[in-house]
Amino acid sequence: MRTSASVLHLDLDAFFASVEQRDKPSLRGKPVVVGGVGGRGVVATASYEARKYGVRSAMSTREARSRCPHAAFLTGRFHAYREASAIVMGLLRSVSPLVEPLSLDEAFVDLAAADLPDLELATCVAVAEDLRARVHEATGGLTASVGLGTSKFIAKVASDLDKPDGLTVVPPGTERDLLRPMLVTVIPGVGPATAERLRRAGIQTVADLELVDLEELVRLVGKAHGNGLFHLARAQDDRLVVAEREAKSVSVEGTYDTDLTDRKLMEGLLTRQAGEVAERLRKHGLSGRTVSIKVRLHDFTTLSRSSTLSSPTDSTATVARMARGLLADLDTSGGVRLLGVGVSGLADWIQEDLFGETTEEEVEPLPEVEVPSSRRRTWSPGMDVEHTTMGRGWVWGAGRGVVTVRFETAASASGPVRSYPDDDPELSAWRPADPDETAPAPPA
Ligand code: DCP
Ligand code: MG
């Protein structure tokens, strides 16, 4: 165990929503909900103004609308999130070579690998405060919350304690006092099912958990996890901050004797393969952010496509949905000989539930990924548009043949609203110069 609070965890506040408020001045200080806006959509995140009304990640958008009807409901703009993320990760890497991103908006930084005079508490705190200020500056106003501690576990717990825009330092030696009153769910890997199993055994807080000996714990939650739980309950965590993970992936493929032409069948096969991949991920306690498919055509040309989530998944439903979405963009009319599904960008720090017991129900509300399709011309609320004379703006709403746009950008003041026929040739979707939402993977 370290003796200095040199593990830093940084997590941006209400990330997607904050990026929307930055780029849409009229929404600053207002409730904003980002997620699926359709009938069965799910909230990806809500601004802190919307959280006051009880809107939460993974809640159905329907529920969110009833709790906070006056919020702006927007679909995601992943290009903007990726761009902000890259700026932040770049800043972190300027502090230390050891930066381990966990998702688009959070990362560990190992200050012990940074070029610092010492690792005294005051030194680490100064680095953290400076970093927070620089993130704010470099991203055009996003705020980050930071935790400092002697391990990944403690740093991550700490960054959550004073959100938004806060810094929490856990001085070496005070870790166990901090954890004791907390619910067991604070421990990475303790999801709803494990928490319930522990609760039935009368264990609700970390303090309760500390009283359970290893043997009993193994009996309760199994050998592999009992061990981890035993140590984490005592704040014993010596996992390293790792900059580059080994390129790992889990994939499944099948070859077919006859050329497949039925799309429904192909989708069914991909769904089944996604199930096998997700099962293997869960079995090994892994999750991954990048889902890819491999398709070999009748003429044996092989195509690969991939798409990346904002946070890792091990859910059959999510992997299957993404795989089917990727297939939708390919021309398979000539027939298909091979289909495969893979997940890469693997992490062993699963945000949902380390014990691989999350039900599909619980995993389903993961980030809704919009598989981009260049052929569609739909106006989703929040998307970037450009008008030949009015310039840049965003879709405020659309329906009944009309699209309403607010003309403003991060750099402008709150701007005017105009409506147009939804096929107005003067209006077009706006994309940054380097979009690449779905970069084709190198040929397999
Ligand atoms: N996200 C998502 N679906 C979820 C959870 C998160 O799409 N179920 C996305 C949206 C978030 C981003 O990931 O903006 C970062 O996730 P966080 O858990 O860090 O949540 P926020 O940054 O939104 O809020 P907080 O201030 O609590 O960190
Ligand atoms: Mg965050």
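What follows is calculated from the coordinates using simple rules that are stated; it is not laboratory data. Predicted model only: the values in this text are computed from it and were never measured. Cβ placement follows ideal geometry from the backbone for every residue including glycine, while neighbour counts extend to all protein chains displayed.
Provide, as a two-decimal number, the C-alpha radius of gyration of the chain over 2.2 N^0.38 Å, N being how many residues it has. Don't skip to the answer; put the middle values down first.
Working: Rg = 23.2 Å, N = 444, 2.2 N^0.38 = 22.3 Å.
For the chain, the normalised Cα radius of gyration is 1.04.
Neighbour counts of other Cβ atoms within 10 Å put T388, T45, T75, T271 in the fewest-to-most order T388, T271, T75, T45. Counting only pairs 8 or more places apart or on different chains, how many lysine pairs in the chain have C-alpha atoms closer than 27 Å? Lysine pairs meeting both conditions in the chain amount to 19.
Write down the Kirkwood hydrodynamic radius of the stretch 115-198, to one decimal in angstroms, obtained as one divided by the mean of 1/r over all alpha carbon pairs.
Details: mean 1/r = 0.0702 Å⁻¹.
Roughly 14.2 Å, rounded to one decimal.
Order of H136, H70 from fewest to most other C-beta atoms within 10 Å? Could you put the intermediate results ahead of the total?
Numbers: H136 14, H70 9.
Ordered by Cβ neighbours within 10 Å, fewest first: H70, H136.
Given the options L211, L260, L121, state which has the largest fluctuation in a GNM of the chain using a 10 Å cut-off (strictly under) for Cα springs. Largest GNM mean-square fluctuation: L211.
Using just its DSSP H runs of length 4 or more, each adding -39500 (n - 2.57), the chain gives a mean residue ellipticity at 222 nm of -9000 deg cm²/dmol after division by all residues.
Here the convex hull built on the C-alpha positions of the stretch 177-232 has a volume of 67 cubic angstrom per residue.
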